[in-house]
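Okay, so here's the structure we're looking at.
Where a number appears in this text, it was derived from the coordinates with a stated rule and is not lab data. In this text, all values refer to a predicted model and were calculated from it rather than measured experimentally. Using ideal geometry, Cβ is built from the backbone for each residue, glycine included, and neighbour counts are taken over all protein chains shown.
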Amino acid sequence: MLTVRIGIVSDIHSDAKALARVLSEMSSVDAILCAGDAVSEYEFCPDTVALLVDHDVHCIQGNHEAVLFGGRNPDYLEKCRRTFPAESLAFLADAPSMREFDFGGVRVLLTHTGLGEDEYIQPGSPRLGAFARMPYDMVCFGHTHVPLVHRAGNVTVINPGSCSQPRPPARTGTYATFDTVTREARIHQLA
């Protein structure tokens, strides 16, 4: 079986410096996933997008991209279109809200809110059990900024937290890794 080491980041919120630190620390991964909110609805960052593009990060839209590109913030979006390169905006504007992957036979779902629209699934939530019924080996989500690794039946559930805006219990930015052979998931705090 092919070993794929996956790096997972979420909720960057336009902090290119925090993302650069994460990318330098996870240099030994084979694929990188971003579970949304790479930018903020009122702060687009072309440097963050450039890092994601340069590192071939597989991105989805989070709630912040949905607001920015979904027409709920038209004045700021128009300002972005006048200020930033079209291809930089398109990288996230064209991203889906969820993605499925197959890494060496390991089925992965990447979504922003987990199970439902704008849902906050925290560690210890009874909603974590619902992941066991999903047809995946691993499900990644973000949104809460709280890191989490949970086993629901045969499904490994991972929230990498936020590399730039951690919420307790994390005190520094976090990201996650997952090994497709050992099925080991780990949360890493930025040094």
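Look at (1) touching a Ser or Thr at 6+ places or on another chain (Cβ under 8 Å); (2) over 21 Å from GLN189 (Cα atoms); (3) assigned to a helix (DSSP H, G or I); (4) not hydroxyl-bearing (Ser, Thr, Tyr) and you find that GLU65 fails only one, number (1). Taken over the stretch 8-22, the residue count meeting the criterion of being of a type in the set (A, V, I, L, M) and in contact with a Pro (Cβ under 7 Å, 6 or more places away or on another chain) is 2.
If you check VAL181 against the conditions, is it of a type in the set (A, V, I, L, M), over 24 Å from GLU41 (Cβ atoms), touching a residue at least 40 places away in the same chain (Cβ under 8 Å) and surrounded by fewer than 16 Cβ atoms within 10 Å (Cβ to Cβ)? Against the criterion (of a type in the set (A, V, I, L, M), over 24 Å from GLU41 (Cβ atoms), touching a residue at least 40 places away in the same chain (Cβ under 8 Å) and surrounded by fewer than 16 Cβ atoms within 10 Å (Cβ to Cβ)), VAL181 qualifies. Surrounded by fewer than 16 Cβ atoms within 10 Å (Cβ to Cβ) and of a type in the set (Val, Ile, Thr), is that true of VAL57? So VAL57 fails the test.
Say whether the condition of being under 23 Å from PHE44 (Cβ atoms) and surrounded by fewer than 18 Cβ atoms within 10 Å (Cβ to Cβ) is met by at least one residue in the stretch 155-164.
no
Look through the stretch 18-72, keep the residues that are in contact with a strand residue (DSSP E or B) (Cβ under 7 Å, 6 or more places away or on another chain) and small (Gly, Ala, Ser), and return whichever of them is farthest from THR177 (Cα to Cα). Selected residue: ALA38.
So which residues in the stretch 175-191 are over 19 Å from VAL39 (Cβ atoms) and in a strand (DSSP E or B)? Scanning the stretch 175-191 gives ALA176, THR177, PHE178, ASP179, ALA185, ARG186, ILE187, HIS188, GLN189. Among the residues of the stretch 80-103, is there at least one that is assigned to a loop (DSSP other than H, G, I, E, B), touching a Lys or Arg at 6+ places or on another chain (Cβ under 6 Å), farther than 17 Å from GLU184 by Cα and not small (Gly, Ala, Ser)? Scanning the stretch 80-103, I find no residue that is assigned to a loop (DSSP other than H, G, I, E, B), touching a Lys or Arg at 6+ places or on another chain (Cβ under 6 Å), farther than 17 Å from GLU184 by Cα and not small (Gly, Ala, Ser), so the answer is no.
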